[in-house]
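The values are calculated or read from the model by the stated rules, or taken from the named source; none is laboratory data. Model, not experiment: these values are computed from the prediction. Heads up, the Cβs are rebuilt from the backbone with ideal geometry, glycines too, and the neighbour counts pull from every protein chain shown. Ligands, DNA and RNA are excluded from the accessible area calculation, which covers all protein heavy atoms including side chains. Shrake-Rupley method; radii C 1.70, N 1.55, O 1.52, S 1.80 Å.
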Amino acid sequence: MRKVVRGFYSVAHSVKLCRPNVICAYPITPQTEIVENLAAMYANGELGDCEYITAESEFGAASMLVGASAAGARVFTATCSQGLILMSEVLFNAAGMRLPIVLVNTNRALSAPLSIWNDHQDSIAIRDAGIMQLYVENNQEAHDAIPQAYKVAENRKVLLPFMVCMDGYKLTHAYEPIDLLDQETVDSFLPPYEPAAYMTTKKPLAFGCYAPPHIYMEFRVAMQQAMERAKNVMLDVFKEWAEVSGRDWGGHIAVDFPDSKILVVAMGSVVGLLRKVVEELRNEGLSVGLVKIRTFRPFPVEELREALKDAEKVIVLDRSVSFGYEGPVSIELKSAIYGHSSAEIYSYAVGLGGRDMPKDFLEKLIRDVAEGRERPGFAFKGHQEFEEVIP
Amino acid sequence: MKIKLNLGAISEPLQSEKFKTGDWGTHYPVVDKEKCTGCKTCEQYCPDLCIEVKKFNEEKYAVVNYDYCKGCGICSSVCPAEAIKMELKDAFKFEG
Amino acid sequence: MGSKEVVKILIEVRFHGRGGQGAVTAADILAVAGFKEGYYTLSFPMFGAEKRGTPVVSYLRISDEPIVARDEIYNPDYVVVLDPTVMETVNVIAGLKKGGMLISNYPKSSDDLKTKLKADELGIKVATINATKVAMEVLGRPITNTTMVGAFGGATRLVSLETLLDVVNEWFKGELAEKNAKLIEEAYRYMMEVCR
Ligand code: SF4
Ligand code: SF4
């Protein structure tokens, strides 16, 4: 059924259809309405066999989910920004304990200065946790991502947390038409949760036990192997989803106009407008294409090598910065294609803390590179000139 | 040979029971039943949870589980009744 | 390419109000209504701070093809102002297209506002309604969003009155639905007269 709903609702509705057993969250803008919607569904008795627990902090929320997941529950939470960072200690644990927790991060900038607006600094900051990360372009993709996230995370070959990253405000607060899934479709796609290992009061277990140097490393190797296996599991799940739902969002990356001389690489909600800009520039005769990175973890190394092998210029748009170096997506992309492509890399940090990226801004960025007005390397784009003064 | 690795470092509980630490220390605590008031201070302070106040008919006093007591002496130093003495283990006593 | 030109409609609207007056809801209601009329729609807010009383902007795009642009709207076809006092600190007509229209809650005549804004020189149209007064009469509170939704509908005819009433009855319940429906209808008919 197609309905105009808010981004929040598109996620909450989808979570409901996945039949979670425990939802636990702490409010933070721009995430709150996701769990508010779920709390309302819970209060109305729509969530079936589910407990909704209000936590005293994101740390508490994540901790309770670790417990619930270890007890065999299918769990959900949502957070962002400072909340995600506060959760991070627990999330590294959840990954190491191989708990298939699904969470939504409504991407928001990190303090300081305080900002409630969108960029990717929060989720990028925990890229090394062992959590799968999928970045969505619009609310339909976010809606569709939830059942797929559970299916990938709960696969016995994977068993790692899965984080769906959706841009705060740009997506969460947007009202737009969404094809809402129904219970039958999700049930046919996502089987009831059968935990790999779980504890009960009769059969207590300890998760993530102490591992001295003679055994710690093996557990971390096992996590990496699980991430690598996740790549293929994801492709199968994405494909199955396309068949079940009729909506194909692509693989680890999605490429428009692959044989172009210039390729623009981006993640998240800017991709839609970027695609339009690319199409218009092509109509003018410019050889430009678009690479949308969907899964940032596991990182699509082979896919990017293939997609960028003949490109002459690659423009990477990063929504975060690794201070002292450059944009993380760009860093990783370069390392992935090292020795496989001779393309010049133009690495730009853009749209930090909700700085708008209007159409003409994106157009100019591409034109400047295409027409040789830019040099390869890293730069911020879209900020004002300033001089730092001591007050 | 391949070793077995439990998913997520998951294990059965109470595995640490297998690791006896009773032979770690040079000294061991001895409770004077007469002085002990059963106040449980030692119980709360023992880092290895191996001293416990137990009831014996009318009496109650602290009892040490020597399988795990590592002889740190904390119980002795916190006991308000000075009911715990740390004795040197025989193995460390010199002849003559 | 074929010779047949497909005319694509994209209408962009910017709403100005203050936190608590419902500028966001106004855009959202119209997004739902536009969808019911067969368009693709997208609405989203831009708050300064999440506080009652601060100037708030929200956006609405209406198109006959799926909407991918999520950037802010710099050159709107319409600007809707829910609170006339916002105009003192915010240049609400910034970027308003030539031939575009400002639809404003305004206690004086539209000619008064036209002169103030030099609307004729700028080539923009101005339509006003005393929405605060109407809202106070009907709701007893200065929440002007539904009145301005009705005004937008009547001024632009992009959505029918019936559709707006449908949406408002889904959005609100009971007495509140009735009152808001009344506001929408009044404003819609008034603006239809004014903008004939
Ligand atoms: S602290 Fe001393 S008095 Fe108290 S229970 Fe222990 S041994 Fe007995
Ligand atoms: S000596 Fe240390 S380990 Fe032994 S019972 Fe006393 S406090 Fe516990």
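Scanning the range B:1-28 for residues that are touching a Gly at 6+ places or on another chain (Cβ under 7 Å) and touching a residue at least 40 places away in the same chain (Cβ under 8 Å) turns up B:24, B:25, B:26, B:27, B:28.
Quick one: is residue B:71 of a type in the set (Gly, Ala, Ser) and within 16 Å of ligand 1 (Cβ to nearest atom)? In short, yes.
So that you can scan it fast, the table gives a plain yes or no per residue for (1) open to solvent by less than 90 Å² (accessible area, probe 1.4 Å); (2) over 16 Å from the mean Cα position of the chain (by Cα); (3) within 10 Å of ligand 1 (Cβ to nearest atom):
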position: B:29; (1), (2), (3): yes, no, yes
position: B:41; (1), (2), (3): yes, no, yes
position: B:46; (1), (2), (3): yes, no, yes
position: B:49; (1), (2), (3): no, no, no
position: B:55; (1), (2), (3): no, yes, no
position: B:67; (1), (2), (3): yes, no, no
position: B:82; (1), (2), (3): no, yes, yes
position: B:88; (1), (2), (3): yes, no, no
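Just wondering, is there one or more residues in the range A:168-177 that are within 14 Å of chain C (Cβ to nearest Cβ) and in contact with an Asp or Glu (Cβ under 6 Å, 6 or more places away or on another chain)? Working first, answer last.
The initial filter retains those residues of the range A:168-177 that are within 14 Å of chain C (Cβ to nearest Cβ), namely A:168-177.
Cutting the leftovers down to in contact with an Asp or Glu (Cβ under 6 Å, 6 or more places away or on another chain) gives us A:175.
Yes, the range A:168-177 contains a residue that is within 14 Å of chain C (Cβ to nearest Cβ) and in contact with an Asp or Glu (Cβ under 6 Å, 6 or more places away or on another chain).
Taking the options A:370, A:311, A:349, name whichever one is of a type in the set (Gly, Ala, Ser), in contact with a Leu (Cβ under 7 Å, 6 or more places away or on another chain) and buried (at least 20 other Cβ atoms within 10 Å of the Cβ). Talk me through it step by step, then tell me what you get.
Details: A:370 fails: buried (at least 20 other Cβ atoms within 10 Å of the Cβ); A:349 fails: in contact with a Leu (Cβ under 7 Å, 6 or more places away or on another chain).
Residue meeting the stated conditions: A:311.
Close Cβ contacts (under 6 Å, 6 or more residues apart or on different chains) running from residues in the range B:60-74 that are over 15 Å from residue B:22 (Cα atoms) to residues that are more than 10 Å from ligand 2 (Cβ to nearest atom) and open to solvent by 70 Å² or more (accessible area, probe 1.4 Å) comprise B:61/B:33.
Residues in the range A:328-385 that are over 24 Å from the mean Cα position of the chain (by Cα) and in a helix (DSSP H, G or I): A:360, A:361, A:363, A:364, A:365, A:366, A:367, A:368, A:369, A:370. Residue B:6 passes every criterion in (1) open to solvent by 100 Å² or more (accessible area, probe 1.4 Å); (2) of a type outside the set (Val, Ile, Thr); (3) within 14 Å of chain A (Cβ to nearest Cβ) apart from (1). Taking the criterion of being in a strand (DSSP E or B) and either away from ligand 2 (no atom under 12 Å from the Cβ) or modelled with pLDDT under 95 (or both), the residues of the range B:54-82 that qualify are B:54, B:55, B:56, B:59, B:60, B:61. Exactly one residue out of A:128, A:119 is in a helix (DSSP H, G or I), modelled with pLDDT of 95 or more, within 25 Å of residue A:292 (Cβ to Cβ) and under 14 Å from the mean Cα position of the chain (by Cα): that is A:128. The number of residues in the range A:286-316 being within 14 Å of chain C (Cβ to nearest Cβ) and not in a strand (DSSP E or B) comes to 0.
Among the residues of the range C:2-24, some residue qualifies, meaning at least one is modelled with pLDDT under 95 and at the interface with another protein chain (Cβ under 9 Å from one of its Cβ atoms).
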